[in-house]
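Accompanying notes for the structure given below.
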Amino acid sequence: MARRPPGVRTSARWLAGVAVAVVAVAAIVLAVMALQHVASRPAATQPEPVPSFTFGSPATPDPTATPSATPVPAPGPAYPRAEERFLSVGSGGMWRGVAGECGVTDPLIERSTDGGQTWTDVTPLYRGIGQLISLDAFAGTEAEAIARMGDECETEALRTFTQGRFWEPYPEVLAASRYLDPADPAVLVTPRGPIETPCADPRSVRSVGPTTALVCEGTAHVLGSDGQWTPLATPDAAAVAISAETILIASRAAGCEGLAVTRLSGEGFTDPAALGCAAVDPAAPVALAASGDTTFVWSGDSLTRLP
């Protein structure tokens, strides 16, 4: 066999050594780069928390996105019952009152003999009156009231025959009256027994002769002889009054910046007649009354006459 020359063996060994060195250097470089890549990432000693979500009520849409064609009035009165007002007119004077709250806020009863220009406080605080439930003129110059009296807030009927100077209880008047039960406003007390009202918080309860009317959640109702309530066709009502054989309703109406007053007459009170617009705050406590062809609207510090 021919033998390879010695020089050739030396060159081959040298080339093999160089190749091994190159491979080793490349491996070291790759290892260093890998370590640098790992070091560049932030160390995470703990696992990152999983995102969580709280589910509540659905988001309320922007009211301007889908406007309502017909605005819906907010149900119920915008003021506390203690601020409810009463107004009544007799041939010899006017009477007005604010309900108050028994044991919390004193009621107020006032009388006027000059058409409402000036008023005199005739509240029978000396008798322990705590809350006014109704107030009506009678006998020309006098008045009667249903009220809660004394520390126990017992319901009594009071009458004055001295133009408000002195008041006396009349149990027989109370027994014959129709009024809202102060312990349960959803019940109307009548001589024939309790009658449930159309809502839990009725306002402007008025009863004259055989007619009783009230306002429930923006709708006026009249009580029939069968003990059933009939809604009256005047929407967004704020107050009612009874005059002779008619019902007066103060309500919000298009074209009236305040309260429009309508008189309902005829069988079932189905014949409306517009009486005018009172420029008052429609959300404030209000009371109205009639004397002949004149209607009075009491709201805030003003007493408006219509027409």
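Given the conditions (1) at pLDDT 95 or above; (2) under 31 Å from the mean Cα position of the chain (by Cα); (3) on the phi < 0 side of the Ramachandran plot; (4) in a loop (DSSP other than H, G, I, E, B), which single one is not true for residue 74?
For residue 74, the failing item is (1).
For residue 155, indicate whether it is in a strand (DSSP E or B) and either at pLDDT below 95 or not charged (D, E, K, R) (or both).
yes
From the list 254, 260, exactly one residue is buried (at least 21 other Cβ atoms within 10 Å of the Cβ), farther than 20 Å from residue 81 by Cβ, without any contact (Cβ under 8 Å) to a residue 24 or more places away in the chain and under 22 Å from the mean Cα position of the chain (by Cα). Which is it?
None of the others qualify; the one that does is 260.
Of the residues 212, 219, which single one is of a type in the set (Val, Ile, Thr), over 18 Å from residue 133 (Cα atoms) and at pLDDT 95 or above?
Within the list 212, 219, the selection yields 219.
Go through the residues of the stretch 256-263 one by one and say whether even a single one is under 18 Å from residue 304 (Cα atoms) and among the small types (Gly, Ala, Ser).
For the stretch 256-263, residues under 18 Å from residue 304 (Cα atoms) and among the small types (Gly, Ala, Ser): present.
Out of all the residues in the stretch 78-94, which are under 28 Å from the mean Cα position of the chain (by Cα) and outside any helix (DSSP H, G or I)?
78, 79, 80, 84, 85, 86, 87, 88
For the stretch 172-182, does any single residue satisfy the condition of being under 30 Å from the mean Cα position of the chain (by Cα), surrounded by 14 or more Cβ atoms within 10 Å (Cβ to Cβ) and at pLDDT below 95?
Looking for residues that are under 30 Å from the mean Cα position of the chain (by Cα), surrounded by 14 or more Cβ atoms within 10 Å (Cβ to Cβ) and at pLDDT below 95, one finds at least one in the stretch 172-182, hence yes.
Cβ-Cβ below 6 Å, separation at least six or inter-chain, first residue in the stretch 224-247 and within 17 Å of residue 258 (Cβ to Cβ) and outside the structural domain of residue 287 (by TED's automatic domain parsing), second in a strand (DSSP E or B) and modelled with pLDDT under 95: which pairs?
Close Cβ pairs (under 6 Å, with a partner that is in a strand (DSSP E or B) and modelled with pLDDT under 95) do not exist here.
Cβ-Cβ distance below 8 Å, separation of 6 or more or different chains: which pairs start in the stretch 170-194 with a residue that is touching a residue at least 60 places away in the same chain (Cβ under 8 Å) and closer than 15 Å to residue 158 by Cβ and end on one that is outside any loop (DSSP other than H, G, I, E, B) and among the charged types (D, E, K, R)?
182/148
Look at residue 204 and say whether it is closer than 26 Å to residue 182 by Cβ and either in contact (Cβ under 8 Å) with a residue 12 or more places away in the chain or among the hydrophobic types (A, V, I, L, M, F, W, C) (or both).
Numbers: closer than 26 Å to residue 182 by Cβ: yes; either in contact (Cβ under 8 Å) with a residue 12 or more places away in the chain or among the hydrophobic types (A, V, I, L, M, F, W, C) (or both): yes.
For residue 204, the condition - closer than 26 Å to residue 182 by Cβ and either in contact (Cβ under 8 Å) with a residue 12 or more places away in the chain or among the hydrophobic types (A, V, I, L, M, F, W, C) (or both) - is met.
Filter the strands (runs of 3 or more DSSP E) completely within the stretch 220-282 down to those with at least 1 residues that are more than 26 Å from residue 301 (Cα to Cα) and of a type outside the set (A, V, I, L, M, F, W, C).
On the way: elements: 229-231, 237-243, 246-251, 259-265, 271-278.
Hits in the stretch 220-282: 229-231, 246-251, 259-265, 271-278.
I'd like to verify a number: residues in the stretch 283-307 that are part of a strand (DSSP E or B) and crowded, with 18+ Cβ neighbours inside 10 Å, how many?
Of the residues in the stretch 283-307, 13 are part of a strand (DSSP E or B) and crowded, with 18+ Cβ neighbours inside 10 Å.
Is there any pair with a first residue in the stretch 154-166 that is within 13 Å of residue 120 (Cα to Cα) and a second that is among the polar types (S, T, N, Q) whose Cβ atoms are under 8 Å apart and which are 6 or more apart or on different chains, and what are they?
Taking only residues 6 or more apart or on different chains, the pairs are 163/141; 164/120.
What is the residue count in the stretch 104-121 for residues that are within 14 Å of residue 147 (Cα to Cα) and in a loop (DSSP other than H, G, I, E, B)?
Of the residues in the stretch 104-121, 2 are within 14 Å of residue 147 (Cα to Cα) and in a loop (DSSP other than H, G, I, E, B).
If you go through the stretch 233-247 one residue at a time, how many are more than 21 Å from the chain's Cα centre (by Cα) and buried (at least 16 other Cβ atoms within 10 Å of the Cβ)? Show your work before the answer.
So the first thing to find is which residues in the stretch 233-247 are more than 21 Å from the chain's Cα centre (by Cα), and the list is 233, 241-247.
Imposing the further condition that a residue be buried (at least 16 other Cβ atoms within 10 Å of the Cβ) reduces the set to 241-243, 246-247.
So the count comes out to 5.
The values are calculated or read from the model by the stated rules, or taken from the named source; none is laboratory data. Model, not experiment: these values are computed from the prediction. A quick note on method: Cβ atoms are made from the backbone with ideal geometry, for glycine too, and the neighbour counts reach across all protein chains shown.
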